[in-house]
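Written out below as structure tokens is the structure these notes cover.
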Amino acid sequence: MATKPIRDISKIKVIPYDFRSYGVTVRIDGTDAALIYDAAAVARRSLLGNLSTVRTSRFDHKFDLTSTKSGTYRIIQNGEYLASGRSRRKFLKFFDSIIRVSVGEYAVDRVFLHAGVVAWNGKAIVMPADSFQGKSTLVAALVRQGAVYYSDEFAVLDEDGLVHPFARPISLRTDDAKIKPYELSVEELGGEAGSSPAPVGLVLLTGYKPGAKWRPRILSSGSGVMAIMPFALSLRHQPEFSVKVLHNIASRAIIASGRRGSAELFARTLLKFVDKHVD
């Protein structure tokens with residue numbers, strides 16, 4: 001006799017979702033099977049499939065996700081209350097963000113740098129910046145100019161200072177009064193994503209300022225490391241490894257600092273600078 005498919009996922013036995021990503025072990029647990037199922041799917045998309053399921057009793061991060069009868073969703077990370085909300089979509093969107101940060105902070109053999117990344121002539125341009133500094137807008141403008149897309153969120157660096165692709169959809173915001181977020185794929189921008197690690201040719205520390213004319217200041221290796229350090233997620237948990245990787249980058253790449261104007265205009269200026277100064 002054929003088994004009838006289970007149409008109501010809430011009736012499935014609750015089983016935690018355990019996985020390892022970049023050497024970090026994570027458990028997603030809770031009392032709601034449907035919520036765990038959705039969160040596991042979010043984790044796979046969020047980390048671009050760079051994870052594998054594991055069987056272990058030790059975890060770097062344990063997320064307990066619960067939902068109440070009144071419709072409130074809660075997330076507890078490592079025994080500490082983290083957030084709650086009544087919108088399932090927003091709740092999972094928040095989890096999408098926090099899972100990447102949690103993995104990035106504890107990554108074993110990688111340094112996650114909060115930065116946008118493109119490649120030009122085989123060399124990576126790494127642009128460390130906090131949120132709302134126009135990082136993704138500049139990345140999109142560079143891709144439109146023909147640069148290869150690597151990431152608009154994290155530069156994922158290995159021990160040798162090579163940047164690995166982390167090509168999620170590019171997150172942008174409308175420039176109207178609503179400032180509504182939206183995403184674009186690299187294909188929609190007419191570009192392509194990187195598929196292999198790239199050496200860093202330029203580290204660009206910049207931010208948008210209306211009408212600014214770019215007058216780059218070239219930093220020394222030591223000053224460059226100090227300027228980049230605040231953007232390294234793993235600095236607190238792996239300080240020696242993180243600093244080693246940043247030194248590898250700073251000893252080989254140009255590190256430039258300076259305000260910029262419009263992303264579309266600046267993208268062309270920047271690529272000309274790379275053509276001229278990066279070997």
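The values are calculated or read from the model by the stated rules, or taken from the named source; none is laboratory data. Source: prediction; values computed, not measured. Every residue, glycine among them, receives a Cβ derived from its backbone with ideal geometry; neighbour counts consider all protein chains shown. Side chains are part of the model used for accessible areas, which takes the heavy atoms of the whole protein and leaves out ligands, DNA and RNA. Shrake-Rupley method; radii C 1.70, N 1.55, O 1.52, S 1.80 Å.
Think of a 1.4 Å ball rolled over the protein heavy atoms: the chain then has 53 Å² of accessible area per residue.
Ignoring aspartates and glutamates fewer than eight residues from Lys209 along the same chain, the ones with Cα atoms less than 18 angstrom from its Cα are Asp130, Asp175, Asp176, Glu264. A simple rule links phi to the HN-Hα coupling: the Karplus curve 6.51 cos²θ - 1.76 cosθ + 1.60 with θ = phi - 60°, which for region 251-265 gives 6, 10, 9, 7, 10, 10, 10, x, 5, 10, x, 3, 4, 4, 6 Hz, with x for Gly and Pro.
Ranking Gly79, Leu51, Ala129 by how far each Cα lies toward the positive end of the dipole of the chain (charges on Cβ) leaves Gly79 at the top. Rounded to the nearest Hz, the phi-derived 3J(HN,Hα) couplings of region 27-42 under the Karplus curve 6.51 cos²θ - 1.76 cosθ + 1.60 (θ = phi - 60°) are 10, 10, 9, x, 10, 10, 4, 5, 5, 5, 4, 5, 5, 5, 5, 4, where x marks glycine and proline.
The apolar share of the surface of the chain, taken as the fraction of accessible area on carbon and sulfur atoms (1.4 Å probe, ligands and nucleic acids excluded), comes to 51 percent. A simple spin-label model places the labels of Asp96 and Glu240 3.9 nm from each other, with each point 7 Å out along Cα-to-Cβ. Per residue, the average separation of C-alpha pairs within less than 8 Å and at least 6 apart gives region 134-227 a relative contact order of 27 percent. Compute the helix-to-body angle for 88-106: its Cα long axis versus the longest principal axis of the chain, expressed 0 to 90° and rounded to tens. Around 60 degrees separate the two axes.
Under 5 Å from the amide H of Ala83 lie the amide H atoms of Ile75, each residue being 5 or more positions distant or on a separate chain, with H modelled from the backbone and absent for Pro and chain starts. 3J(HN,Hα) along region 215-224, derived from phi through the Karplus expression 6.51 cos²θ - 1.76 cosθ + 1.60 where θ = phi - 60°, amounts to 10, x, 10, 8, 8, 6, 4, x, 5, x Hz, with x in place of Gly and Pro.
Would you mind classifying region 100-200 by shape? Square roots of the alpha carbon gyration tensor eigenvalues, ordered a ≥ b ≥ c; an a/c under 1.5 is rounded, otherwise it is prolate if a/b is larger than b/c and oblate if not.
Oblate is the answer for region 100-200, as a/c is 1.5 or above yet b/c matches or exceeds a/b.
About its Cα centre, the dipole of the chain is roughly 700 debye, where the only charges are +1 on Lys and Arg Cβ and -1 on Asp and Glu Cβ.
For region 9-128, the antiparallel share of DSSP beta bridges with both residues in that region comes to about 80%. The listed residues Val148, Val186 rank as Val148, Val186 when sorted by accessible area, largest first, using a 1.4 Å probe. Here's the list of lysines a cross-link from Lys13 could span, going by alpha-carbon distance under 27 Å and ignoring same-chain residues fewer than 8 apart: Lys4, Lys62, Lys69, Lys90, Lys93.
If I stretch the segment between Ala83 and Asp279 completely, what's the gain in nm (0.36 nm per residue apart, minus their alpha carbon distance), one decimal? Intermediate values should be presented prior to the final figure.
Values: separation 196, 0.36 × 196 = 70.56 nm, distance 4.69 nm.
Between Ala83 and Asp279, full extension yields an extra 65.9 nm.
Extension gain for the segment Glu187 to Thr72, taken as residue separation times 0.36 nm less the Cα-Cα distance, is 37.7 nm to one decimal.
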